[in-house]
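The values are calculated or read from the model by the stated rules, or taken from the named source; none is laboratory data. Every value quoted in this text rests on a predicted model; they were computed, and no experiment measured them. Cβ placement follows ideal geometry from the backbone for every residue including glycine, while neighbour counts extend to all protein chains displayed. Calculation scope for accessible area: heavy atoms of the full protein, side chains included, ligands and nucleic acids excluded. Shrake-Rupley method; radii C 1.70, N 1.55, O 1.52, S 1.80 Å.
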Amino acid sequence: MSDRVRITENNQVATVTLTRADKRNALDLAMIRAIVDAGETLAARKDIRAVVLAGDGPAFSAGLDLAAMPEIAQFAMQGGVFMERTHGNANLFQAAAMVWAEMPQPVIAAVHGYAFGGAFQIMLGADMRIAAPDTRFSIMEGRWGIIPDMGGMVLMRRLARGDVIRKLTYSAEQFEAQEALDWGFVTELSETPLERAQALAAEIAQKSPDAIRAAKALIRDTELMGVRDTLISESRAQEALMGKPNQMEAVVAGMQKRAPKFTD
């Protein structure tokens with residue numbers, strides 16, 4: 001429990017809720033750490049059979065908190081933070097998404113409002129994603145001169161075609177819930193995504209936990225190989241971008257709401 005994340009339990013189903021509603025659950029360093037802590041705590045709980053991941057307020061999460069970007073950038077540029085494997089195969093940022101993919105219990109994300117940038121990647125860490133029909137999505141990192149580096153290059157390729165991933169990553173454009181469903185990023189649409197996610201989690205919790213955990217591990221381990229190398233490649237690419245002139249220009253231009261002036 002923290003001022004960023006709330007965990008509630010009911011009949012062996014845990015609901016993890018992002019609780020920074022006044023900021024549309026925007027991701028600052030404290031929230032990223034709280035998300036990872038929540039996932040790691042639940043992963044060790046044999047009495048928890050399924051997990052629901054949701055957000056309070058008007059959105060699942062609007063992605064990176066621009067006001068927190070200086071703090072995150074300062075942290076990220078300290079002594080190889082990107083390349084340091086602090087959570088298994090992942091660094092801290094990658095763990096915020098990968099912890100859900102790697103925990104033994106099934107995870108269902110209930111998504112509404114927005115799921116932008118880092119939040120989009122965190123959502124992809126779930127086994128299933130149930131979205132409200134009016135939810136909007138974006139792989140938004142390109143707006144800030146960086147690449148998706150929170151496990152996205154592992155998780156997106158499990159769900160969508162390469163050309164779709166390229167289009168959305170290169171353009172950073174927003175897309176609708178129906179498009180997300182058609183492309184494979186969303187499992188189903190529901191007018192009440194949290195209720196639907198909790199009902200599905202309750203159904204899963206009634207099955208043999210040994211079988212469910214074994215099924216998740218089997219599906220995960222056979223659908224994509226080379227996770228470690230992919231995560232390291234993400235980190236290497238991000239480390240080469242962060243703090244460089246064009247990346248900083250992307251941030252400043254975005255905050256000043258003007259067209260960026262990049263150097264070749």
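Measure nothing but the geometry: give the 0 to 90° angle between the long axis through the Cα atoms of 209-223 and the longest principal axis through the Cα atoms of the chain, rounded to 10°.
30
If you restrict to DSSP beta bridges whose two residues both lie in the chain, what percentage is antiparallel, to the nearest 5? Intermediate results must be reported in sequence, preceding the final value.
Working: 10 of 30 bridges.
Beta bridges within the chain, antiparallel portion: roughly 35 percent.
So what is the relative contact order for the stretch 1-120, in percent, with contacts set as C-alpha pairs under 8 Å and at least six apart? If you can, show how the numbers build up before the last one.
Values: 207 pairs, mean separation 38.1, N = 120.
Relative contact order of the stretch 1-120: 32 percent.
Relative to the first principal axis of the alpha-carbon coordinates of the chain, what is the inclination of helix 162-171, with its axis defined by its Cα atoms, in degrees from 0 to 90 and to the nearest 10?
Computed tilt is about 50 degrees.
A 24 angstrom limit on the alpha carbon distance is what I want to check against. Which of 167/261; 23/257; 167/216 exceed it?
Long pairs (Cα-Cα over 24 Å): 167/216.
From zero up to wherever the largest Cα-Cα distance of the stretch 126-256 sits, split into 10 Å bins and tell me the percent of pairs in each.
With 10 Å bins starting at 0, P(r) equals 11, 32, 33, 19, 5, 0.
I want to check the label-to-label distance for residue 74 and residue 203. Put each point 7 Å from Cα in the C-beta direction and report it in nm to one decimal.
4.9
Write down the Kirkwood hydrodynamic radius of the stretch 16-91, to one decimal in angstroms, obtained as one divided by the mean of 1/r over all alpha carbon pairs.
13.9
Cα-based Rg (one decimal) and Dmax (whole number) for the chain, in Å?
17.5, 57
Could you order peptides 124-130, 210-216, 71-77, 105-111 by the average number of other Cβ atoms within 10 Å of their residues, highest first?
Working: 124-130: 24.1, 210-216: 13.6, 71-77: 15.4, 105-111: 26.4.
Descending mean neighbour count gives 105-111, 124-130, 71-77, 210-216.
Nearest 10 degrees is fine. How inclined is helix 29-43 to the longest principal axis of the chain, computing both from alpha carbons?
30
I'd like to know how the stretch 212-259 sits against the 2.2 N^0.38 Å rule of thumb: what's its Cα Rg over that expected value?
1.91
Along each of the three principal axes of the Cα atoms of the stretch 114-168, give the extent in whole Å, ordering the values from largest to smallest.
Principal extents (largest minus smallest coordinate, Cα): 29, 21, 19 Å.
On a 1.4 Å probe surface of the protein chains, which of 158, 236, 6 comes out largest in accessible area, and what is the full order?
236, 6, 158
Please figure out what share of the DSSP beta bridges in the stretch 104-210 is antiparallel and state it in percent, rounded to the nearest 5.
DSSP beta bridges in the stretch 104-210 are roughly 25 percent antiparallel.
For the stretch 71-133, what is the accessible area per residue in Å², given a 1.4 Å probe and the full set of protein chains?
27
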